[in-house]
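The next block holds one structure in the form of structure tokens; read it before the comments.
The values are calculated or read from the model by the stated rules, or taken from the named source; none is laboratory data. Predicted model, so just to flag it, every value in this text is computed and none were measured. A quick note on method: Cβ atoms are made from the backbone with ideal geometry, for glycine too, and the neighbour counts reach across all protein chains shown.
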Amino acid sequence: MAELIGGCGTSHVPSIGIALDRGLQDTPDWKPFFDGYIPAKEWIAEQKPDIAVVIFNDHGNAFFLDRVPTLALGVAEEYQIIDEGWGKRDIPAFKGAADFSWHLADAMVEGHFDPLICREIELDHGIQVPMELFFGRPAEWPVKIVPIFVNTVQYPIPTPQRMWELGQLLRKAIESWPGNERIVVFGTGGLTHQLQGARAGFMNRDADKAWLAEIGPNPEKYRGWTREQFVETFGSEGAELIMWLVMRGCMDAEVRTVMSHYYAPASMTGAGMVVLENEGAA
Amino acid sequence: MQNPDPGAIPETPLFDRERSHMGYELNKMAMALVSEANRKAFAADEEAFLDRYKLSPEQRAAVLARDWQEMVRLGGNIFYILKISALNPMPVTAIGAAQVGMDHEDFLVQRLGKERRNG
């Protein structure tokens, strides 16, 4: 069976990609943020995963409001970079782990999750930025990807508990896959941010730090929260953090937090990451 | 969220059925700007471009004035209307400040906790 080598939670703020495009990594605004990801890059370079399953949300780029899938699953051999309105970013297209994606499609439907299955779809910063933060800017990405899109834009968005259960199903799908690939799972989005309304610019550094500290040892605290609690605590767009629960739900009950990093604000957002390994893993 | 109460979380417009319905054409117009050809058409003749969509007079005025607070009030969602800002790029924090009705620098300091740059 395939091996789950770890789970990573990370921000996917578009400004991070813009900072990379403009070479701003070493400016005072950005250096502390990017420096914090150096150990994460080292970790993943040592781990050499073959497949990255990335849970993220499209930000009104691949999907408009005319049709809003609560869950969508990419099954393509290749994913192009999407033009979000500023022109297409100059980063490599992603190779898809199409066989594993179809296996996951079977597992999801058999497990009573029913995703929109996407044979051809372009990907936005929600997946680009996590890949850049962990793999840098290679000429070709060193892993194949499986994108899982979660609707976090149009209410009703899925519940935190449902995200957790999707993670548990993902774990079973990894374990029932006959290949011997090394698989890493990314939950992306957050941390605190609110971009709309008179509460725009809401920051909750204490809640962000607590989330990073507790998502490994104490996810129970969060999976039973309502969506309203996520919005209230992390801001209207910070509710994206529910997607980290997919990542956490696919890990063992006992995990060790290998590293974490926090910096705020990145643009208007609390930003950071966590890397988790199963306690039983070598 | 069945029947979300817009007043449940203060000053937070959740993008629910009502807002999605109200803002549909506005967001659709903004979404069209992911195409280079549409960006050129918008830049060349904004009024003519807006004529292609069924915006309310208020929505149309808000777009022409780049009134971000008003666009959101009228059902605009940030992920779509942000594409309008790509025509004359501005930081998202400036759009955030406009949502609150604050000076940009004050917003960076008071809301986001950045250090004040000018005095």
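Quick one: how many residues across region A:43-63 are farther than 26 Å from A:GLU277 by Cβ and in contact with a His (Cβ under 9 Å, 6 or more places away or on another chain)? Explain how you work it out, then say what you get.
Just the residues of region A:43-63 that are farther than 26 Å from A:GLU277 by Cβ, to begin with: A:58-63.
So of that shortlist, the ones also in contact with a His (Cβ under 9 Å, 6 or more places away or on another chain) come out as A:59, A:61.
Looking only at that region, the number is 2.
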Next item on the list: May I ask you to verify whether A:GLY96 is in contact (Cβ under 8 Å) with a residue 12 or more places away in the chain, out of contact with any strand residue (DSSP E or B) (no Cβ under 9 Å at 6 or more places or on another chain) and of a type in the set (Gly, Ala, Ser)?
Entry: no
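State whether one or more residues within region A:52-75 are among the charged types (D, E, K, R), surrounded by fewer than 18 Cβ atoms within 10 Å (Cβ to Cβ) and touching a residue at least 12 places away in the same chain (Cβ under 8 Å). First the steps, then the outcome.
Narrowing region A:52-75 to residues among the charged types (D, E, K, R): A:58, A:66-67.
Cutting the leftovers down to surrounded by fewer than 18 Cβ atoms within 10 Å (Cβ to Cβ) gives us A:66-67.
Adding the requirement that they be touching a residue at least 12 places away in the same chain (Cβ under 8 Å) leaves none.
Within region A:52-75, not a single residue is among the charged types (D, E, K, R), surrounded by fewer than 18 Cβ atoms within 10 Å (Cβ to Cβ) and touching a residue at least 12 places away in the same chain (Cβ under 8 Å).
Kindly indicate which of A:GLY6, A:GLY17 is within 30 Å of B:LEU87 (Cα to Cα), outside any loop (DSSP other than H, G, I, E, B) and under 16 Å from the mean Cα position of the chain (by Cα). Give the derivation first.
Values: A:GLY6 fails: within 30 Å of B:LEU87 (Cα to Cα).
From the options A:GLY6, A:GLY17, the qualifying one is A:GLY17.
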Item checked: Residues within region B:62-73 that are within 12 Å of another protein chain (Cβ to nearest Cβ) and either charged (D, E, K, R) or surrounded by fewer than 21 Cβ atoms within 10 Å (Cβ to Cβ) (or both), tallied -> 2
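Which residue is farthest from the other protein chains (Cβ to nearest Cβ), if the candidates are limited to region A:48-92 and must be in a loop (DSSP other than H, G, I, E, B) and of a type in the set (A, V, I, L, M)? Quick ask: steps written out before the conclusion?
Step one: list which residues in region A:48-92 are in a loop (DSSP other than H, G, I, E, B), which gives A:48-50, A:57-70, A:75-77, A:80, A:82-92.
Restricting the remaining residues to those that are of a type in the set (A, V, I, L, M) gives A:62, A:65, A:68, A:75-76, A:82, A:91.
Numbers: A:ALA62: 10, A:LEU65: 6, A:VAL68: 9, A:VAL75: 23, A:ALA76: 19, A:ILE82: 7, A:ILE91: 17 Å.
Out of the qualifying residues, it is A:VAL75.
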Checklist line | Output for region B:42-56, where each listed residue is away from every other protein chain (no Cβ under 14 Å) and small (Gly, Ala, Ser) | finding: B:ALA44, B:ALA48, B:SER56
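Answer yes or no: is there a residue in region A:196-203 that is in a strand (DSSP E or B) and either of a type in the set (A, V, I, L, M, F, W, C) or surrounded by 24 or more Cβ atoms within 10 Å (Cβ to Cβ) (or both). Walk me through it before giving the result.
Residues of region A:196-203 that are in a strand (DSSP E or B), as a first pass: none.
No: region A:196-203 contains no residue that is in a strand (DSSP E or B) and either of a type in the set (A, V, I, L, M, F, W, C) or surrounded by 24 or more Cβ atoms within 10 Å (Cβ to Cβ) (or both).
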Next item on the list: Could you figure out which of (1) in contact (Cβ under 8 Å) with a residue 60 or more places away in the chain; (2) under 26 Å from A:SER176 (Cβ atoms); (3) within 14 Å of chain B (Cβ to nearest Cβ); (4) out of contact with any helix residue (DSSP H, G or I) (no Cβ under 8 Å at 6 or more places or on another chain) isn't true of A:ILE121?
Entry: (1)
Notebook entry, point to check: On the given criteria, is A:ASP106 surrounded by fewer than 22 Cβ atoms within 10 Å (Cβ to Cβ) and either over 30 Å from B:LEU82 (Cα atoms) or not hydrophobic (A, V, I, L, M, F, W, C) (or both)?
Noted result: yes
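Can we say A:PHE230 is within 13 Å of chain B (Cβ to nearest Cβ) and part of a helix (DSSP H, G or I)?
For A:PHE230, the condition - within 13 Å of chain B (Cβ to nearest Cβ) and part of a helix (DSSP H, G or I) - is met.
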Checklist line | Exclusive hit being more than 24 Å from A:GLY238 (Cβ to Cβ) and either at pLDDT below 95 or in a helix (DSSP H, G or I) (or both), set B:ARG19, B:ARG60, B:ARG66 | finding: B:ARG60
Note to self: I need the full set of residues from region A:233-270 which are within 21 Å of A:ASN151 (Cα to Cα), part of a strand (DSSP E or B) and in contact with a Leu (Cβ under 6 Å, 6 or more places away or on another chain), in order please.
What the structure shows: A:GLY270
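Restricting to region A:92-111, name every residue that is closer than 23 Å to A:PRO138 by Cβ and of a type in the set (Phe, Trp, Tyr).
So in region A:92-111, the residues closer than 23 Å to A:PRO138 by Cβ come out as A:92-101.
Selection gives A:PHE94, A:PHE100.
Does B:SER20 satisfy being closer than 21 Å to A:ALA62 by Cα, surrounded by 15 or more Cβ atoms within 10 Å (Cβ to Cβ), of a type in the set (Gly, Ala, Ser) and more than 13 Å from the chain's Cα centre (by Cα)? Spell out the reasoning first.
On the way: closer than 21 Å to A:ALA62 by Cα: yes; surrounded by 15 or more Cβ atoms within 10 Å (Cβ to Cβ): yes; of a type in the set (Gly, Ala, Ser): yes; more than 13 Å from the chain's Cα centre (by Cα): yes.
Answer is yes for this residue.
Hand me the list of helices (runs of 4 or more DSSP H) wholly inside region B:77-119 holding 2 or more residues that are buried (at least 21 other Cβ atoms within 10 Å of the Cβ) and facing another protein chain (nearest Cβ under 7 Å).
Working: elements: B:78-85, B:92-100, B:104-110.
Where helices (runs of 4 or more DSSP H) fall fully within region B:77-119 and carry at least 2 residues being buried (at least 21 other Cβ atoms within 10 Å of the Cβ) and facing another protein chain (nearest Cβ under 7 Å), they are B:78-85, B:92-100.
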Note to self: Just to be sure I understand, how many residues within region A:172-191 are on the phi < 0 side of the Ramachandran plot, within 16 Å of the chain's Cα centre (by Cα) and more than 14 Å from every other protein chain (Cβ to nearest Cβ)?
What the structure shows: 6
Note to self: Cβ-Cβ under 7 Å, sequence separation 6+ or interchain: first residue in region B:11-35 and facing chain A (nearest Cβ under 7 Å) and of a type in the set (S, T, N, Q), partner crowded, with 17+ Cβ neighbours inside 10 Å and in a helix (DSSP H, G or I). Which pairs?
What the structure shows: B:THR12/A:VAL231; B:ASN27/B:TYR80
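From A:MET243, A:MET203, grab the single residue that is within 14 Å of chain B (Cβ to nearest Cβ), closer than 30 Å to B:MET90 by Cβ and not small (Gly, Ala, Ser).
Working: A:MET243 fails: within 14 Å of chain B (Cβ to nearest Cβ).
Every option except A:MET203 fails the conditions.
Does region A:189-203 include one or more residues that are among the charged types (D, E, K, R) and under 30 Å from A:ILE174 (Cβ atoms)? Spell out the reasoning first.
Kept after step one, since they are among the charged types (D, E, K, R), are these residues of region A:189-203: A:199.
From what's left, under 30 Å from A:ILE174 (Cβ atoms): none.
No - not one qualifying residue is present in region A:189-203.
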